[in-house]
Structure formats: C-alpha cells, structure tokens
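Mind looking over this structure? Questions follow.
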Amino acid sequence: MTRVFEHFPELEGEEMRYIAKAIEGLEGEKFNHFKSMYKARRKDPILILFLSAVGLFGIAGIHRFFVGHIGMGILYFFTAGLCFIGTIVDMINYKNFGFEYNRNQALEILELIK
C-alpha cells in the first residue's frame, strides 16, 4: 500500500485499494509502464462531477461522453439529462463513474503489459 501512496498520491478509497492489489506483482519496467499509462488514461472523479454540473446548465450528458458512455450521452443530450433527474443522480454517483472507468483502464493496461 505504501507503494501506491508514493506513486499515485491522487488516488483515494476504493480506487487506491484496487490499484494496490492490481500492481502487487509488478516490478521494474512493467510497473513503470503501468504507472505512466494509468496516469495518462485516468479520469479524475472531481472533473466528472464538474462536467455533470455543466450538464445542468449547459450541455447535458457531457460527463457521459467523457467516461465513454456514448449511447447514454446522446440520450442525455436529447432529453436534457432525462429531465435533469438523471444528471442529478449522476452528480451523486460521480465517484462510481470515475472508479468504473479507471478500473476498466487499469485492466486494459495490465492485459497489455503482461
């Protein structure tokens, strides 16, 4: 867990525990490769929250496009965030969106480097 604190200070909670477990066996070049790729692909949950808030006053669904949910992004765009209710729910669950996206990215990176 100390290794995660040192190399990934931006992580917290569930995401930190998940990454700590994922990088347990990685050493040397593989670890450095994972670290650089993960930091480049990772989406910050606070940015997802901000984009959700933008959806209330501007372009609804932009946060869904940001995390790769293209179909839901289009639906939110044309329905004003499902009449703002969907956007408000997404603002409450912003950490789950970030963790889900980041977990999938970590899995893809691990598959690439192994």
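The values are calculated or read from the model by the stated rules, or taken from the named source; none is laboratory data. Predicted, not measured: the structure shown is a model, and the values here were computed from it. Backbone-built Cβ (ideal geometry, glycine too); neighbour counts: all protein chains shown.
Would you please list the contacts, defined by Cβ atoms under 7 Å and residues six or more apart or on different chains, that run from a residue in segment 16-31 that is among the small types (Gly, Ala, Ser) to a residue that is in a helix (DSSP H, G or I) and at pLDDT 90 or above?
So the pair list comes out as Ala22/Ala106; Ala22/Leu110.
Turning to a different aspect of this structure: When you go through (1) at pLDDT 95 or above; (2) in contact with a Ser or Thr (Cβ under 6 Å, 6 or more places away or on another chain); (3) of a type in the set (Gly, Ala, Ser) one by one for Gly55, which number turns out not to apply?
Answer for Gly55: the failing condition is (1).
If you don't mind, there's one more thing I want to ask. Which count do you get for residues in segment 47-88 that are within 12 Å of the chain's Cα centre (by Cα) and touching a residue at least 24 places away in the same chain (Cβ under 8 Å)?
Looking only at that region, the number is 6.
In segment 89-114, how many residues are of a type in the set (D, E, K, R), over 12 Å from the mean Cα position of the chain (by Cα) and not in a loop (DSSP other than H, G, I, E, B)? If you could, list the steps in order and put the result at the bottom.
Narrowing segment 89-114 to residues of a type in the set (D, E, K, R): 90, 95, 100, 103, 108, 111, 114.
Next, only the ones that are over 12 Å from the mean Cα position of the chain (by Cα) stay: 90, 108, 111, 114.
Those left that are additionally not in a loop (DSSP other than H, G, I, E, B): 90, 108, 111.
Qualifying residue count for the region: 3.
Within 21 Å of Lys114 (Cα to Cα) and without any contact (Cβ under 8 Å) to a residue 60 or more places away in the chain: is that true of Arg42 in this structure?
no
Related question: Tell me, yes or no, whether segment 3-10 has at least one residue that is more than 21 Å from Phe97 (Cβ to Cβ) and touching a Phe, Trp or Tyr at 6+ places or on another chain (Cβ under 9 Å).
yes
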